[in-house]
């Protein structure tokens, strides 16, 4: 499905990013896996290689422009091109409006929408013709109770906005851009369930399928399909991968 394609996945050392990288590789893509902790992305690369795939681990912080430039350059030079960009990395500014500090909000902004904006522009020359961008957003802005999720929802909604802009501005040049909004069994979600069990139970009860998605089998596989020719006429969309919970108008 993705044979001869080259992908970059940020935040690929664990959780959703790792699941997406594994799924892309399963379908034939060569994958550059980027993350702040080199040992973690090396582990992801090792899992891909054990399955017979090709992976390039790249240590770097998406908040640093120089690291993004290095990631794109190394990917193109080492893997021979670039057709798929998955912006997954995100520092999460959770808490009430009073509890979220300027520093937390700035970190959420820099690692989320700003890094996504920068990576899309850095990758653009390589994506022209048959490129695909998948940006990770969130259904946090669609929660029944927005308390403690305002800052997080704000940075994720900004990602949805620039995704739509990329689809509109670059569609004529053969670039598709979509946002996915997943519920997945990531380390972050596991920590949230452990720290807020009553809230987590109430949240899971609102999911029609009554379960949280698997990082690779549910989220990764859908992203792989979205990057394939089978989804070749899908662009500019925000798609919740959440067991039917959120309504995305």
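The values are calculated or read from the model by the stated rules, or taken from the named source; none is laboratory data. Everything quoted here is computed from the prediction, not taken from an experiment. Every residue, glycine as well, gets a Cβ built from its backbone with ideal geometry; the counts of neighbours run over all protein chains shown.
With respect to the conditions (1) surrounded by fewer than 19 Cβ atoms within 10 Å (Cβ to Cβ); (2) part of a helix (DSSP H, G or I), residue 129 lacks only one, and its number is (2).
Scoring residue 44 on the criteria (1) modelled with pLDDT of 95 or more; (2) touching a helix residue (DSSP H, G or I) at 6+ places or on another chain (Cβ under 6 Å); (3) assigned to a loop (DSSP other than H, G, I, E, B) leaves a single failure, condition (3).
Is it fair to say residue 31 is surrounded by 14 or more Cβ atoms within 10 Å (Cβ to Cβ), in contact with a helix residue (DSSP H, G or I) (Cβ under 6 Å, 6 or more places away or on another chain) and assigned to a loop (DSSP other than H, G, I, E, B)?
Numbers: surrounded by 14 or more Cβ atoms within 10 Å (Cβ to Cβ): yes; in contact with a helix residue (DSSP H, G or I) (Cβ under 6 Å, 6 or more places away or on another chain): yes; assigned to a loop (DSSP other than H, G, I, E, B): no.
No, not satisfied.
Residues to consider are 12, 7; find the one that is within 19 Å of residue 241 (Cβ to Cβ), assigned to a loop (DSSP other than H, G, I, E, B) and in contact with a strand residue (DSSP E or B) (Cβ under 9 Å, 6 or more places away or on another chain). Step by step, each of 12, 7 is checked, and only 12 is within 19 Å of residue 241 (Cβ to Cβ), assigned to a loop (DSSP other than H, G, I, E, B) and in contact with a strand residue (DSSP E or B) (Cβ under 9 Å, 6 or more places away or on another chain).
Name the one entry in 179, 151, 161 that is in contact with a strand residue (DSSP E or B) (Cβ under 9 Å, 6 or more places away or on another chain), over 21 Å from residue 67 (Cβ atoms) and either surrounded by 13 or more Cβ atoms within 10 Å (Cβ to Cβ) or modelled with pLDDT of 95 or more (or both). Give the steps one after another, and end with the answer.
Details: 151 fails: in contact with a strand residue (DSSP E or B) (Cβ under 9 Å, 6 or more places away or on another chain); 161 fails: in contact with a strand residue (DSSP E or B) (Cβ under 9 Å, 6 or more places away or on another chain).
Of the residues listed, the single one that is in contact with a strand residue (DSSP E or B) (Cβ under 9 Å, 6 or more places away or on another chain), over 21 Å from residue 67 (Cβ atoms) and either surrounded by 13 or more Cβ atoms within 10 Å (Cβ to Cβ) or modelled with pLDDT of 95 or more (or both) is 179.
Condition check for residue 78 on (1) within 29 Å of residue 232 (Cβ to Cβ); (2) in contact (Cβ under 8 Å) with a residue 60 or more places away in the chain: one failure, at (2).
Determine whether the range 166-183 contains at least one residue that is outside any helix (DSSP H, G or I), over 20 Å from residue 127 (Cβ atoms) and touching a helix residue (DSSP H, G or I) at 6+ places or on another chain (Cβ under 7 Å).
First, the residues of the range 166-183 that are outside any helix (DSSP H, G or I): 174-183.
Keeping just the survivors that are over 20 Å from residue 127 (Cβ atoms) gives 181-183.
Now drop any that are not touching a helix residue (DSSP H, G or I) at 6+ places or on another chain (Cβ under 7 Å), which leaves 181-182.
Yes, because at least one residue in the range 166-183 is outside any helix (DSSP H, G or I), over 20 Å from residue 127 (Cβ atoms) and touching a helix residue (DSSP H, G or I) at 6+ places or on another chain (Cβ under 7 Å).
Mind checking which residues of the range 105-135 are within 26 Å of residue 229 (Cα to Cα) and without any contact (Cβ under 8 Å) to a residue 24 or more places away in the chain?
Residues of the range 105-135 that are within 26 Å of residue 229 (Cα to Cα), as a first pass: 116-135.
Those that are within 26 Å of residue 229 (Cα to Cα) and without any contact (Cβ under 8 Å) to a residue 24 or more places away in the chain: 121, 125.
Per the listing 155, 134, the residue uniquely within 27 Å of residue 247 (Cβ to Cβ) and outside any helix (DSSP H, G or I) is 134.
Of the residues making up the range 50-73, those that are within 14 Å of residue 31 (Cβ to Cβ), surrounded by fewer than 17 Cβ atoms within 10 Å (Cβ to Cβ) and in contact (Cβ under 8 Å) with a residue 24 or more places away in the chain are 51, 54.
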